Amino acid sequence: MFEFVNSDNNLFVDAALQIFNGLFSYIIDHLNKFKNDLLGIFRKTLTHTSLDIRLAALQAVSNYLQTVEQTDTKQFIDLIPDMVNVIVMANEQDDEVVLQDAWIEFNEIAEIEPKFFQSRFKSIFDSTISIVTKSDFANAQIRQQPIEFFVTVIERIPSIVKKNHDLLKDMIEIVFKLMIDIDSDIDDSWLKPKEGFRDNDDGEDGEDNVNFGKGCIDKIISAVGDEICLPLLSVIVNNTMANEDDWRFKHAGLMAFS
């Protein structure tokens, strides 16, 4: 397998990563004896010329991190910039399939090992937050994935933003930008809601973004605390609702407090 990873044939490299992925659940204690070798394999494949190989490497790293004990993950924190670059590269190449799959891995790691990202959280935020403001995705829900990741980590390690109010403010503001970026034209379904309509029903992308954003604001407040969040939120909502030219700003502000 180690020879396959060094192969010039992408099929061999991908096969080796898939094999490693399958073995982690069964012989992780044995493989942990070769941490330096694994680290070298991950570093090599995460920087491969093929984006597909990079994604396969990210999936292997994700599986490994979710399988081992937390103490075994520390050696692999230096891989985070290369892991983030899979997202950055997919976004630059407009490869939405890889981009979505990469965010799935980040979110799964955040669920199991959020502390893995703690020391690099701000750099991940800065490197990927532009995805939320990008409005031409075929799959609009990709824009929610970075926020889902950030909120998941914050829920589990609220000290990340409790100690950095500027970062918390930026986080809340990016949620508002997503909530505001909905269709500016009001159609009949808004003016005359169908019978049985409820705010939390699944709807169009714009409605999904508003409801998703509301949920994120609630989770952030619950994790970080009213005393820190509400003063910041009050300023952001007031600034948002001060916009007299676009009804979507007032709508987002009202929904955030609803």
Since E105 meets every condition but one in (1) over 30 Å from D136 (Cα atoms); (2) surrounded by 15 or more Cβ atoms within 10 Å (Cβ to Cβ); (3) in contact (Cβ under 8 Å) with a residue 24 or more places away in the chain, which condition does it not meet? (1)
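Okay, residues lined up against (1) buried (at least 16 other Cβ atoms within 10 Å of the Cβ); (2) at pLDDT below 95; (3) assigned by TED's automatic domain parsing to the domain that holds L31:
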position	(1), (2), (3)
A90	yes, no, yes
Q93	no, no, yes
D101	yes, no, yes
I109	yes, no, yes
F125	yes, no, no
T133	no, yes, no
Q141	no, yes, no
Kindly evaluate E148 against the criterion of being in contact with a Phe, Trp or Tyr (Cβ under 9 Å, 6 or more places away or on another chain), outside the structural domain of L233 (by TED's automatic domain parsing), touching a residue at least 12 places away in the same chain (Cβ under 8 Å) and of a type in the set (D, E). yes
Anything in segment 39-52 that is surrounded by fewer than 21 Cβ atoms within 10 Å (Cβ to Cβ) and either in contact (Cβ under 8 Å) with a residue 24 or more places away in the chain or within 18 Å of L11 (Cβ to Cβ) (or both)? List them, or say none. L39, R43, K44, T47, H48, T49, S50, L51, D52
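The values are calculated or read from the model by the stated rules, or taken from the named source; none is laboratory data. Everything numeric here is computed off the predicted structure, so don't read it as measured data. Note: ideal-geometry Cβ built from the backbone for every residue, glycine included; neighbour counts use all protein chains shown.
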